[in-house]
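A short write-up of the structure that comes next.
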Amino acid sequence: MSRDYTSLVQFLQEELAIPSTSIRQALQQCKQDSAPLPMVLWQQGVLTLQQLERIFDWMEMA
């Protein structure tokens, strides 16, 4: 996984119940746009703003 998103993907799946297909599609978009995974998921409508904030909080602590 690029940018070492392994622990983030695990968090997304286990804590936020984000489907693996959505994550896989977003990871492909990340490669094309050089954008961070959480932002791509939010732009695609997969995450709410509250979930995005929760991810950023988690990333600060990780």
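A few notes on this one:
- Every residue from the stretch 7-22 that is over 19 Å from ASP57 (Cβ atoms) and within 10 Å of the chain's Cα centre (by Cα): SER22
- Selected residue (criterion: farthest from SER22 (Cα to Cα)) from residues of the stretch 34-62 that are among the aliphatic types (A, V, I, L, M) and over 11 Å from the mean Cα position of the chain (by Cα): MET61
- Taking the criterion of being assigned to a helix (DSSP H, G or I), of a type in the set (Val, Ile, Thr) and surrounded by 12 or more Cβ atoms within 10 Å (Cβ to Cβ), the residues of the stretch 9-62 that qualify are VAL9, ILE23, VAL40, ILE55.
Computed from the coordinates by the stated procedures, all read-outs in this text should not be read as laboratory data. Being a predicted model, the structure only gives us computed values, none of them experimental. Here the Cβ is made from the backbone with ideal geometry for all residues, glycine too, and neighbour counts use every protein chain on show.
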